[in-house]
1. Residue by residue through the range 33-48, what is 3J(HN,Hα) from phi via Karplus (6.51 cos²θ - 1.76 cosθ + 1.60, θ = phi - 60°)? Round to whole Hz and write x for glycine and proline.
2. Cut-off is 10 Å between beta-carbons; in what order do His13, His19, His29, His135 appear when sorted fewest neighbours first?
3. Can you list the HN-Hα couplings for the range 233-243, worked out from phi with the Karplus curve (6.51, -1.76, 1.60; θ = phi - 60°), rounded to whole Hz and with x for Gly and Pro?
4. How big is the charge dipole of the chain about its Cα centre, in debye rounded to the nearest 20, if each Lys and Arg gets +1 on its Cβ and each Asp and Glu gets -1 on its Cβ?
5. Mind checking which of Val65, Val166, Val20 has the largest fluctuation in a GNM of the chain, springs on alpha carbons under 10 Å?
6. Going by average Cβ neighbours within 10 Å, how do the peptides 174-182, 70-78 rank, with the highest at the top?
7. Return the long-range amide H neighbours of Tyr119 (sequence gap of 5 or more, or a different chain), with a cut-off of under 5 Å between placed amide H atoms.
8. What residues qualify as long-range amide H neighbours of Val3, i.e. H under 5 Å apart, gap of 5 or more or another chain, H built at 1.01 Å from N?
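Only the coordinates and a few stated rules stand behind these numbers; no lab work does. If you're wondering where the values come from, they're calculated on a predicted model, not measured in any experiment. Note that we place each Cβ from the backbone using ideal geometry, even for glycine, and neighbour counts take in every protein chain shown.
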Amino acid sequence: MTVQVTVWNEYVHEREDEHVRELYPNGIHGAIADGLESGNRTVQTATLQEPDHGLTEAVLEETDVLVWWSHCANGEVRDEIADRVVDRVHSGMGFVPVHSGKNSKPFERLMGTTCAIKYRHGGETERIWVADPGHPIADGLEESFEIPSTEMYGEPYDVPEPDRTVFISWFEGGEVFRSGLCYRRGRGRIFAFRPGHEEYPIFFQDEVRRVLSNAVDWAAPTAGATAVRGEVEPVESIESTDDP
Ligand code: ZN
């Protein structure tokens, strides 16, 4: 089965900040999409500036997994489009918010919490530990790997308790963070991944690309049973009755 991936990016830092543009000449979405190219996938990109932010009903309907990077323009995403993403997750689309995409409208609505954290800029080292060995999203990784320079995110992280915690990060400055979390919402699978600050070439790093590739495969919908909703006739005959 071919998995249809859409990589969404607000695409603001790369156009406004020369340093970020040099790191990501094709945009963060371009770098993520390159890392996801494989024979069993088709990968397209979409950005905030396109009509409907590139997330029309038709695009979402054909998308199996939506990867999402956003930061300074989280508030500019139209409510109607955020709701459209949430509805598609409920009906089975996988959703992979990366880094500050944790404060995107779709992720906050799916979680029902603030998703607030501590953070610190400055380029310290992050060591990411596999906390759930054998989980498909950790496939092919060593026990831990390092990102040489990044922004720190620290606990407490205001999200609901996840179904699985695949990764835990330690930072040079001493904080820790649950950096790879799995959820189900409706029929959709969600994987929230912490790394990906725009000031560093994180989306070119092999281990990060491996995680995102594994996450897309894990989050892709399976056929499953038909979901029947609403009032129904009994499957077996019922002898008890409200009639006197
Ligand atoms: Zn950041």
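1. Values per residue, Gly and Pro as x: 4, 4, x, 9, 4, 6, x, 9, 9, 10, 10, 10, 10, 8, 9, 3 Hz.
2. Numbers: His13 22, His19 11, His29 26, His135 18.
Taking fewest neighbouring Cβ atoms as first place, the list is His19, His135, His13, His29.
3. So the Karplus estimates, Gly and Pro as x, are 6, x, 7, 10, 6, 10, 8, 6, 8, 6, 5 Hz.
4. On the way: 22 positive and 45 negative charges, 51 e Å.
That gives the chain a dipole magnitude of about 240 debye.
5. In this elastic network of the chain, the residue with the biggest mean-square fluctuation among Val65, Val166, Val20 is Val20.
6. Sorting 174-182, 70-78 by mean packing, highest first, produces 174-182, 70-78.
7. Under 5 Å from the amide H of Tyr119 lie the amide H atoms of Gly154, each far enough along the sequence or on another chain.
8. When sequence neighbours closer than 5 places are left aside, the close amide H contacts are Arg41, Thr42.
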